[in-house]
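Encoded as C-alpha cells, the structure appears first; notes follow it.
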Amino acid sequence: MSSPILELTDVKTHFPISSGFLFRRHVGTVKAVDGVTLSVQRGEVLGLVGESGCGKSTLARTIMQLVPTTAGAVVLQGRNLAAATTGELLAARRDLQMVFQDPYASLNPRMTVFATLAEPLLVHRVCPPADVPARVAELMRTVGLAPRFMQKYPHEFSGGQRQRIAIARALALEPKVIIADEPVSALDVSIQAQILNLLAQLCRKMNLSLIFIAHDLSVVKHISDRVAVMYLGKIVELGPALDVIEHPRHPYTRALVSAIPTPNPDVERARQRIMLPGDPPSPIHPPAGCAFHPRCPHAQEKCQLAVPPLAPDGPTREVACGRLSEI
C-alpha cells in the first residue's frame, strides 16, 4: 500500500479555561481532541462520526490548522502542518481545503459567486488573470451550476446551490484532500442526496481524498470507504464502512448503529434500540480509564483503571475496548 496522503499522529487540541477579571488564572482544560491517530489514503473517503461535542469539528479545524495543535503531528504529503510557518501553511492550502456545514455562513454575502471563486485562483496564482473567468465558469459547471449565475450573490441561491458554490470554491485550487464538516445536515433530504452524489462523483473523477463528518451513519455508509467513530476526543473504532456499520464491535458504535432507522416497517418495529444512560461526560473532567465506561452496559471496575488503546481487531479493524474479547 502506498504511503498515506494525510497522517495524524497522537494529535491533541486542548483549550485552557481561565477565570478572573484583573488577575487571570488557569482553572481547567477542555480536551476537545485527545490523542487521535489516523491516516487517509489517496482517493479514499473516510467517514468521521460521533455524538455532538465528541470533537469531530475541532479535529477538522485542527487538521486545517484553523485552531492550533497542542501536541502531535498533522502530516500532509510529508509536511507537518502542526509545525509549519505561515508561508508553509499558505502553500499547503492548495492541497487541503474545507467545506463547512452552513454554506450561507461560510460564503461572504458581499461577494458575487465570481468573486468568491476567483479569489483563491488569484491569491495562489493558479492561472493568469485573463483565464480566471473561464476557470470560474468551468468550476460552476463541475458542481452543476450554470455559469450565467456567476454575477449573483449568495442570498439569491437556494441552500443546496450555496453548498455547491462552497464545494466549487474548495475545488478551485485542485486540492488533494477535502474536509467536509457535515455538509448536508442543513439541507432538505432530496438535496442531501444530490450533494452526496456530487461529492462521491468528484472523488472518483478527481481522485480526491475526503474526510466526511456526519451524524447520520446511513449517509456515512453510503459515501465512505472507511469509518472512524469518535467519542470524547478519541477514536474508539476504525475500519471499513460496511464492516463497522453492519458488524459494530465497540459498545458505543453498537449504540449509534442501533439508532439507524430502516424504511422497512416490519424490520423497524423489530429493531432493538440501545439507549445509553446519561449524557457524554465533560471534556473538562473526563472519566478515569475508558471515557465510555460510565455509560457502557458492559463496564467493569477494570475499565476505570486504564485508557484502552486503539488496537487491531482482525486484519482491517481497530477497536479501543478493554473488554472486547468478553462481549
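Quick notes
- Selection from segment 81-118 of residues that are without any contact (Cβ under 8 Å) to a residue 40 or more places away in the chain and under 22 Å from residue 155 (Cβ atoms): 105, 114, 115, 118
- Taking the listed residues 46, 66, the one that is under 16 Å from the mean Cα position of the chain (by Cα), surrounded by 22 or more Cβ atoms within 10 Å (Cβ to Cβ) and more than 18 Å from residue 174 (Cα to Cα) is 46, with no other qualifying.
- The residues on offer are 37, 69, 29, and the sole one that is among the β-branched types (Val, Ile, Thr), farther than 17 Å from residue 176 by Cα and free of Cβ contacts under 8 Å to residues at least 60 places away in the same chain is 69.
- Whichever residue in segment 260-281 is aliphatic (A, V, I, L, M) and outside any loop (DSSP other than H, G, I, E, B) and, among such residues, is modelled with the highest pLDDT: 270
- Here 57, 3, 19, 52 are screened, and the one residue that is free of Cβ contacts under 8 Å to residues at least 60 places away in the same chain and within 30 Å of residue 196 (Cβ to Cβ) is 3.
The values are calculated or read from the model by the stated rules, or taken from the named source; none is laboratory data. Note that the structure is a prediction, hence the values are computed from the model and not measured. Backbone-built Cβ (ideal geometry, glycine too); neighbour counts: all protein chains shown.
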